[in-house]
Structure formats: C-alpha cells, structure tokens
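Worksheet: the structure to be examined is printed underneath.
The values are calculated or read from the model by the stated rules, or taken from the named source; none is laboratory data. Every value quoted in this text rests on a predicted model; they were computed, and no experiment measured them. Using ideal geometry, Cβ is built from the backbone for each residue, glycine included, and neighbour counts are taken over all protein chains shown. Heavy atoms of the whole protein, side chains included, go into the accessibility calculation; ligands, DNA and RNA do not. Shrake-Rupley method; radii C 1.70, N 1.55, O 1.52, S 1.80 Å.
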Amino acid sequence: IAGVEVSVLCPEDLILHLCLHASKHLYDTGLKPFCDIFETISHYGEKIDWERLRRHSQQAGMNNCVYLSLTLARKFLDAPVPEEFMKAIKPGDFDERFTALAIGRTFANTQRSMDGLSLSPNVAQLFDSRRFLNKARLFLGRVFPPPEEMTRMYPPPLDSIRIFFYYPARIRDLLLRHGRQAWRLLRREEGMSILAEREMDIAPLRDWLMSRGGMVVIPELNENIT
C-alpha cells in the first residue's frame, strides 16, 4: 500500500472474519457483507484451503455464523462455496427459519434507514422483558458488565484496579449511545414500537448465533469456558 509492504489475513481467516462480522450485526447491514465474502472467495479461488477453513471454524466455535453467512452469500450472489464444505460445517441444530429471519433482516434494514429510525437489540430486549427481575438482570448486566468484558472496551488491563473507575464512563457511554432510543420507546413514539417488535422477532436467530457453535472461543480456553 503506497509502496509499503503490509501484513494481511490469510484467505481462510479473512473469510472467517467476514462471516463473523456479518453475523455480529445480525445481518442488518444490507448486502455489503455478502459482496465482501463473494469478492474474497472469487479473488483467491483455488488458493483457499477449505479444509483449513473448516478446521479453524470448528476450533473457534464459529460454525453457526460461518454456515449461515455463506448460505446467504450463495443465495444472494451465488458465491462459489464448495457443497462439500457446506455439508461438513452444517450445524446439527440448524433450522431453515434462521435463513428466513436473516434474509428479512438484511432487506428490512433498507426500510429502517429510510424511516430514519434505529434501535439497539439490547434496548429492545430490555423493554420486551415482561418481568421486573428479567428487566433488572438485563439492565445490570449491560450497565455493569464483568471486569473481563470491561477490559475489552476500556484501556486498563484486567489486573488493574483502575478498571473499576471506568464504570461511570460506561454509564455515560450508554446514555450517549442509547439514551435517546430508550426515551423514545418510553414515550411510545410512532415507529419505535414496530422496531422493537422486529428486534424481538429476530431473538431466536440471535440466541442461536450466540450459542456454542456461533461464538468465537479461543481453543486453549475451552475448558475454562465450559
């Protein structure tokens, strides 16, 4: 780049990253992620080691998001993903409704942008919970996440007591990011209730993607996580 050599991900890990990024946003960013996946696969072609990709996906616990993301890339753009690979990574608990939910999410984003409205899944989930204890648990879990999660968002390392001083910053950031959405939901403004319903309709897909087959897990830490 500009005459300077730089390091890039190998094709297999780049595909994993693109699949994870698409699923992280629950496929609400339109067709762009699938265009990226299609172009990457088309560019590298026979250089892609599909067995290596399968192995990395399995080790990282990413089969759910990889399978669904590549399924959508094939459906939308006819991405050249080998059928044998898709069969090898297909999760045992896969349900075709996940594909339908992801497709609806992909194209619903266009209408949502036209409306000028947005709603965080966390805010929608908080307002959808019927019981007070559920609301309290969700609220406290997002406002006061464990130090391990805080260190991924703020500078202090896990072994530093300074991480606890960043909880006020966490509250400030959440208010800046989601305060207006929460206020508009409380006021039951037109359109926000519809967005909240859309977010809750996608809950089964979110839960499936966040299950063991859909989240990234460092292989060496498997024993600790389970």
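What net charge do the residues around Leu53 carry, taking every other residue with its C-beta under 11 Å from that of Leu53, with Lys and Arg at +1 and Asp and Glu at -1?
Net charge in that neighbourhood comes out at -1.
Provide the per residue accessible area, probe 1.4 Å, for the stretch 1-73, rounded to a whole number of square angstrom. Could the numbers behind the result be given before it?
On the way: 3780 Å² over 73 residues.
Heavy-atom SASA per residue in the stretch 1-73 reads 52 Å².
Which order do the peptides 14-25, 148-159 take when ranked by the mean count of other beta-carbon atoms within 10 Å per residue, highest first?
Details: 14-25: 20.5, 148-159: 12.0.
Ranking, from highest mean packing down: 14-25, 148-159.
For Trp183, Trp50, Trp208, write out the residues from largest to smallest accessible area, computed with a 1.4 angstrom probe and no ligands counted.
Trp183, Trp50, Trp208
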